[in-house]
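First the structure, in the form of structure tokens, and then the observations on it.
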Amino acid sequence: MNLNYLQLLHYTLPLLGFAPQNTSKENILTLSQIAQYLGIALAIVGITLLVIVEFIYKKKFSRGMYHWLLLLGLLLIPLGSIASTSYVVVEETKKLNSCASCHVMKPFVQDLTNPHSPTLAARHYRYKWIAKDQCYACHTTYGLHGSLASKRDGFRHWLLYITNSYNKPIQYTGTYPNSNCLTCHENTQKFQSVPSHQSLLPDLKKNLVNCFTCHGPPHPLPQQRLVKTEKQN
């Protein structure tokens, strides 16, 4: 049986204890899984190298070689591990399961996947208007190329979550830019065929009018989420 390199990694790494997070039907590793394996492997190699250099063969190396190996084990290999791990974090946090992993976000994810919900997010998910990474597709400002203000808000949200110092139900205090909607919708025939879209387009681009004003809330309102949570409890 002929195996390519990715298939070989897929079958051998689990034997070493590195189980992938997800496996596709074709049993082929994704780039995120390869980066995960690589980060773990580099960390093990770096630690092993430092142990060998410092505690086993230290006296057998020349001074120059000793310093070069320390540089490799303390800086270069860790940088590779950090880069691989950072890639995994960036890619994995785009997924719906990543959002669902936070307790405070579960009402949003439950509504998103509810086949009977009338919210914008649920309709986008239900009719597959967004094929994958549905949360990230609409909340791209949190991403790598988002604004500094979004990074600040994201850090604040994380800090409130880990310190459990937020009020329930959580409420969005910022403004959602119409550009996130227009990126997908503006050039479609359906959008352009609506007269009000064309007349309001300048104001939409300036965020003087919000898309949600006509199309309804993207997620359940705070009071709706509170009532649903109380019923579940």
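The values are calculated or read from the model by the stated rules, or taken from the named source; none is laboratory data. Please read these numbers as outputs of a predicted model, since none were measured by experiment. Neighbour counts run over all protein chains shown; Cβ positions are idealised from the backbone, glycine included.
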**Request:** Being modelled with pLDDT under 90 and hydroxyl-bearing (Ser, Thr, Tyr) is the filter here, so list the residues in segment 171-192 that pass it.
**Result:** 172, 173, 175, 176
**Message:** Please determine whether any residue of segment 123-140 is more than 30 Å from residue 48 (Cα to Cα) and polar (S, T, N, Q).
**Reply:** yes
**Asked** Can we say residue 87 is assigned to a helix (DSSP H, G or I), closer than 30 Å to residue 128 by Cβ and aromatic (Phe, Trp, Tyr)?
**Response** yes
**Complete:** Counted residues in segment 153-184 being crowded, with 16+ Cβ neighbours inside 10 Å and outside any helix (DSSP H, G or I) come to 5
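Could you tell me whether residue 93 is farther than 23 Å from residue 44 by Cα, in contact (Cβ under 8 Å) with a residue 40 or more places away in the chain, surrounded by 13 or more Cβ atoms within 10 Å (Cβ to Cβ) and among the hydroxyl-bearing types (Ser, Thr, Tyr)?
yes
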**Asked** What number of residues within segment 49-63 satisfy the criterion of being in a helix (DSSP H, G or I) and under 43 Å from the mean Cα position of the chain (by Cα)?
**Response** 9
**Asked** Only one of (1) surrounded by 15 or more Cβ atoms within 10 Å (Cβ to Cβ); (2) out of contact with any Ser or Thr (no Cβ under 8 Å at 6 or more places or on another chain); (3) in a helix (DSSP H, G or I) is not met by residue 71, so which one is it?
**Response** (1)
**Test: residue 176 is under 20 Å from the mean Cα position of the chain (by Cα) and not hydrophobic (A, V, I, L, M, F, W, C)** = yes
**Asked** So which residues in segment 106-125 are surrounded by fewer than 16 Cβ atoms within 10 Å (Cβ to Cβ) and either charged (D, E, K, R) or within 12 Å of residue 219 (Cα to Cα) (or both), if there are any at all?
**Response** 106, 113, 114, 118, 123
**Message:** Looking at segment 102-128, I want the residues that are within 22 Å of residue 92 (Cβ to Cβ) and have a partner that is acidic (Asp, Glu) and assigned to a helix (DSSP H, G or I) with Cβ atoms under 8 Å, at least 6 apart or on another chain. Which pairs are those?
**Reply:** 121/111
**Asked** Cβ-Cβ below 6 Å, separation at least six or inter-chain, first residue in segment 33-62 and in contact (Cβ under 8 Å) with a residue 12 or more places away in the chain, second outside any helix (DSSP H, G or I) and surrounded by 13 or more Cβ atoms within 10 Å (Cβ to Cβ): which pairs?
**Response** 33/20; 37/18; 40/18
